[in-house]
Amino acid sequence: MRRELSINPAQLMLSPPEAPPLSSLEGRLLYRADKGALQLEVHESGPWRWLSLGDRPDIVQALFHRQHPHHPMMPYCLGMLTALLFQPQPRQALNLGLGCGAFERYLLRHHPQTTLTSVEMQGAVVEIARRYFDLPADYPVVIDDAANYLKYCHQSYDLILCDLHDGSHQPAVRDKPFLSDIGRCLSSTGILSMNLFGAKHSYELVALLQWVRRQLPHTVLLKPPRSHNLVLLASPQPLPDMPALQRRADALQQHSGLALHDYLDCWQALPFPP
């Protein structure tokens, strides 16, 4: 049975609104970048601002509410942040794929004790995040390919967020050296949170899980509500039971306003591999 969470009415008034259906977003064009194969557009309507691919306007890469800049709005981003229920106090965190800085804005505001490293291959994406999505101008971003960064990385991370796709492709889900390097860079109590937008076929998902679970045997698949994405959570250590996760969700919501209870209803823990 779910525990009732006591929240001050004033806190409810400040709670961010639910994200609108992404397919219904229409607004004025603020910016267009054409960097060869990379075409990006920033649109705005009222308090909402979003990033889409120029050749695929139906693919929303990031969503931002200007009155709640520190709150992630994309349902799959919230699903990825359920990793904080498994690792509530990461000392070192790595984000592969900056997007528009949703994870950065949230973690910098609500988890200042966490040392966060962000890796983004496209400098144009970093510029857009700074100009239109409130990524702090002085926040350093490593401009590099995620696979190359991991290949030479000697740091151990308690939390790795991986959201690498271009709207239709996600080569990382088929790259065994990349997946092995992620496992190598994760601490013994760390957790990986990966957006599996690109794993469109069951055989791709099975192959990915088989490889990841060689190093990170404790895994959860999560289908975020109102999203076509799938999120993989994986760790070398056993994951907390549901009552503990519910208590941590209560604490996290009181701490930062992040409401993740519904996301716990959407996850499936996989049996421990033989």
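Nothing in this text is a laboratory measurement; each read-out follows from the coordinates by a stated rule. Note that this is a predicted model, so its numbers are computed, not measured. In this analysis, Cβ positions are derived from the backbone assuming ideal geometry, glycine residues included, and neighbour counts consider all displayed protein chains.
A few remarks follow.
- DSSP bridge pairs, the chain: antiparallel proportion in percent, nearest 5: 65
- For segment 32-45, 3J(HN,Hα) per residue [Karplus equation, 6.51 cos²θ - 1.76 cosθ + 1.60, θ = phi - 60°, Hz, x = Gly/Pro]: 9, 10, 10, 10, x, 6, 9, 10, 10, 9, 10, 10, 8, 8
- Between segment 186-244 and segment 47-86, the alpha-carbon center distance in angstrom: 20
- Equivalent-ellipsoid semi-axes of segment 116-262, from the Cα gyration tensor, Å, largest first: 24, 22, 17
- Given charges at Cβ of Lys, Arg, Asp, Glu: segment 74-269 dipole, positive-most of 232, 252, 217: 217
- Helical mean residue ellipticity (222 nm; -39500 (n - 2.57) per DSSP H run of 4+; nearest 500) of the chain: -8500 deg cm²/dmol
- Cα gyration tensor shape of segment 171-243, rounded if a/c is under 1.5, else prolate or oblate by comparing a/b with b/c: oblate
- For segment 46-177, DSSP calls about 35 percent of its internal beta bridges antiparallel.
- Pairs of Cα atoms farther than 32 Å apart, the chain, %: 20
- Summed over all non-identical Cα pairs, the Kirkwood treatment of segment 86-195 gives a radius of 14.2 Å.
- Extension gain, residue 228 back to residue 131 (0.36 nm per residue minus Cα-Cα distance, nm): 32.1 nm
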